[in-house]
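Heads up, the thing below is written out as structure tokens.
The values are calculated or read from the model by the stated rules, or taken from the named source; none is laboratory data. Just so we're clear, the structure is a prediction, and the values are computed from it rather than from any experiment. Accessible surface areas use protein heavy atoms only, side chains included; no ligands, DNA or RNA. Shrake-Rupley method; radii C 1.70, N 1.55, O 1.52, S 1.80 Å.
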Amino acid sequence: MIGFGETTVAFVADAVDPAKEAALKLAFGIVEGKDLSSTSASEVIIGRGLAQNLGVKPGDTVSLLATTSSGGINAIEVKVAGIFITASKAYDDSALRLPIGLAHS
């Protein structure tokens, strides 16, 4: 779940290594803000539809709640670095991308 203010919605996350994502730059267009900067940064990029549903913009802080591999629950706060679009509106309405180091934590 991702939350901002009084709004909480489900999301799908892709953990990535920003340095190795150069080949996908054409598939993910950053329309506001910036792309992910490092594998350890506490930031995410969010699909445009998901950002609109939450009412967030680059620079805002959101809360992420996820189930760990052992079945526990973990929550973190991260900054929205940017907003992206792809060829799939359904993906943009529910997805975010975060550095793989952050996902491991």
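Lysine pairs, Cα distance under 16 Å, 8 or more residues apart or cross-chain: how many in the chain? The partial results should precede the final answer.
Working: Lys25/Lys34; Lys34/Lys57; Lys34/Lys79; Lys57/Lys79.
Lysine pairs, 8 or more places apart or on different chains, close enough: 4.
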- What are the ³J(HN,Hα) values, in whole Hz, obtained from phi via the Karplus relation 6.51 cos²θ - 1.76 cosθ + 1.60 with θ = phi - 60°, for each residue of the stretch 50-60 in sequence order, with x given for Gly and Pro? 5, 4, 5, 4, 8, x, 9, 9, x, x, 6
- Query: So, with a 1.4 angstrom probe, what is the percent of accessible area on the chain that is carbon and sulfur?
  - Reply: 55
- Using the reciprocal of the averaged 1/r over all distinct C-alpha pairs, how large is the Kirkwood radius of the chain in Å? 13.6
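Send over a whole-number figure in Å² for the accessible area per residue of the stretch 24-96, probe 1.4 Å.
Numbers: 3850 Å² over 73 residues.
Per-residue accessible area for the stretch 24-96 comes out at 53 Å².
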